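Written below as structure tokens is the structure these notes are about.
The values are calculated or read from the model by the stated rules, or taken from the named source; none is laboratory data. Small disclaimer: the values here were computed from a predicted structure and weren't measured. So basically every Cβ, Gly included, is an ideal-geometry build from the backbone, and we count neighbours across all protein chains shown.
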Amino acid sequence: MFAVGRGNGPRERTEGTGAPLITVPVELKDHGYEVLIGRGARHALAAAIRARLPSVRRAMVVTQQPLIDAGWVQTLDPGVPFEVTVVAGGEGAKTFSSLEALVRGFARAELNRDDVVVAAGGGTVTDLAGFAAAIFHRGMPYVNVASTLLGQVDAAIGGKTGVNVPEGKNLVGAFWQPAAVLCDTELLDSLPPREWACGRGEMAKYAFLGSGTPDGSILELPLADQVAQCVRIKAAVVGADERDHGHRAVLNYGHTLAHALEALAFEEGAASVPDLRHGEAVAIGLVFAALLARRLGRIDDERVELHRHVVERFGLRAELPPGIDPQRLLALIARDKKAHHDLSFVLDGPRGVEVVHGVSEDDVLATLAQMGSTQP
Ligand code: GLY
């Protein structure tokens, strides 16, 4: 981590957005906030900080080098003096050592609770910087400026912050809500294809959490409306169950197998690790969940096909990568924090998507076998 620049306060050219933004409220008991979505949303940063955090004196912008190289961090203006700090990108950077470097940097910059952290980047940055904000001085405000589709439809919203440990993803963290979230769709103009896939996997998930028949018709909307539609679904779920006491688990639809697949990459000494991004893993997880639900008699074949169809519409594949030991996956599934004390899955069914407890290992293994996972 190192400071790459400083700013000195408001600059008129970044005060307004110049374009209408979509506002989606996240309504919470104590600390609701707004998600602003659209081209140029990042230029609303100063206004959002002024409105939500009027006594803020300084900002620490936490970001990734590629966003500086692309020149867009230089267009960010928190409206108060600020420093810029760089963290490594990618899920592998969500570690305790990155967290320690970050909070030590906050300490050297003498940040306190009258200051604000601006987490500008993808899910790694918002998770890591949000967690740093949650624990530094026992909690200081932060604002997310989401730069990826995954961040804009999912990771930047909801207040779950944290880091990974070798034993699993996001095993250490805090609920700490941002004061505002800015989803600037202009930043998606240069998003690499695998990053689109990452976000599309979450969008495919939302297709099953929204109202009506799941399909890919959302993709026909303007991009800002696509993002807003997903954010509305997420905001409603988070508003109903901020602290994950039950209902919020539906946001993990497709994620139990996805996390197990991703956890393979974090296992020390893992021999062969599938090259899967989060959204790609979620797409596989959605079809796995549909097949498991079918096996348990919760849905019919047509509904399973619908899952395959939706995943395809979002441009994703549903096949399990070859050569993954089902017992290894089962062990990782059992260890996942969402599995609680028994094998629980978020599954589709007659009442829609809900948590199902007490799934047997045999059913999981049979479903994995159906997807081509066989004992080496
Ligand atoms: N930060 C992601 C969530 O709260 O779900």
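Screening T126 with (1) within 20 Å of G159 (Cβ to Cβ); (2) of a type outside the set (F, W, Y); (3) surrounded by fewer than 16 Cβ atoms within 10 Å (Cβ to Cβ) gives one miss only, at (3). If you go through segment 109-123 and pick out every residue that is of a type in the set (G, A, S), closer than 25 Å to G158 by Cβ and not in a helix (DSSP H, G or I), you end up with 4.
This table checks each residue for (1) at pLDDT 95 or above; (2) under 13 Å from V118 (Cβ atoms); (3) of a type in the set (D, E).
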{"residue": "P10", "(1), (2), (3)": "no, no, no"}
{"residue": "E15", "(1), (2), (3)": "no, no, yes"}
{"residue": "L21", "(1), (2), (3)": "yes, no, no"}
{"residue": "Y33", "(1), (2), (3)": "yes, no, no"}
{"residue": "R39", "(1), (2), (3)": "yes, no, no"}
{"residue": "A59", "(1), (2), (3)": "yes, yes, no"}
{"residue": "D69", "(1), (2), (3)": "yes, no, yes"}
{"residue": "V80", "(1), (2), (3)": "yes, yes, no"}
{"residue": "V84", "(1), (2), (3)": "yes, yes, no"}
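Would you mind finding the one in V153, V86 that is within 16 Å of the ligand (Cβ to nearest atom) and touching a residue at least 60 places away in the same chain (Cβ under 8 Å)?
Checking each option against the conditions leaves just V153.
Just checking, does segment 171-187 include any residue being within 16 Å of the ligand (Cβ to nearest atom) and without any contact (Cβ under 8 Å) to a residue 40 or more places away in the chain? No: segment 171-187 contains no residue that is within 16 Å of the ligand (Cβ to nearest atom) and without any contact (Cβ under 8 Å) to a residue 40 or more places away in the chain.
Within segment 64-108, the set of residues being part of a strand (DSSP E or B) and among the aromatic types (F, W, Y) comprises just one member, F82. Those strands (runs of 3 or more DSSP E) of segment 125-215 in which at least 2 residues are over 16 Å from Q64 (Cα atoms), considering only elements entirely within it, cover 160-165, 168-175, 180-184.
Contact annotation: residue pairs with Cβ atoms under 9 Å, 6 or more positions apart or on different chains, pairing a residue in segment 221-234 that is in a loop (DSSP other than H, G, I, E, B) with a partner that is away from the ligand (no atom under 14 Å from the Cβ) and of a type outside the set (G, A, S), are L221/Q229; P222/T185.
Close contacts from segment 238-249, counting a first residue that is under 14 Å from E354 (Cα atoms) and a second that is within 12 Å of the ligand (Cβ to nearest atom) and of a type in the set (D, E), with Cβ to Cβ under 9 Å and a gap of 6+ residues or different chains, come to H247/D241; R248/D241; R248/E242; A249/D241. Among the residues of segment 299-322, those that are assigned to a loop (DSSP other than H, G, I, E, B) and surrounded by 14 or more Cβ atoms within 10 Å (Cβ to Cβ) comprise I299, F314, G315, L316, R317, A318, L320, P321. Among the residues of segment 130-144, just one is within 14 Å of the ligand (Cβ to nearest atom) and β-branched (V, I, T), namely V143. The residue of segment 236-248 that is nearest to V346 (Cα to Cα), among those that are assigned to a helix (DSSP H, G or I) and away from the ligand (no atom under 11 Å from the Cβ), is H247. Only a single item in (1) modelled with pLDDT of 95 or more; (2) surrounded by fewer than 24 Cβ atoms within 10 Å (Cβ to Cβ) is not met by D184, and it is number (2).
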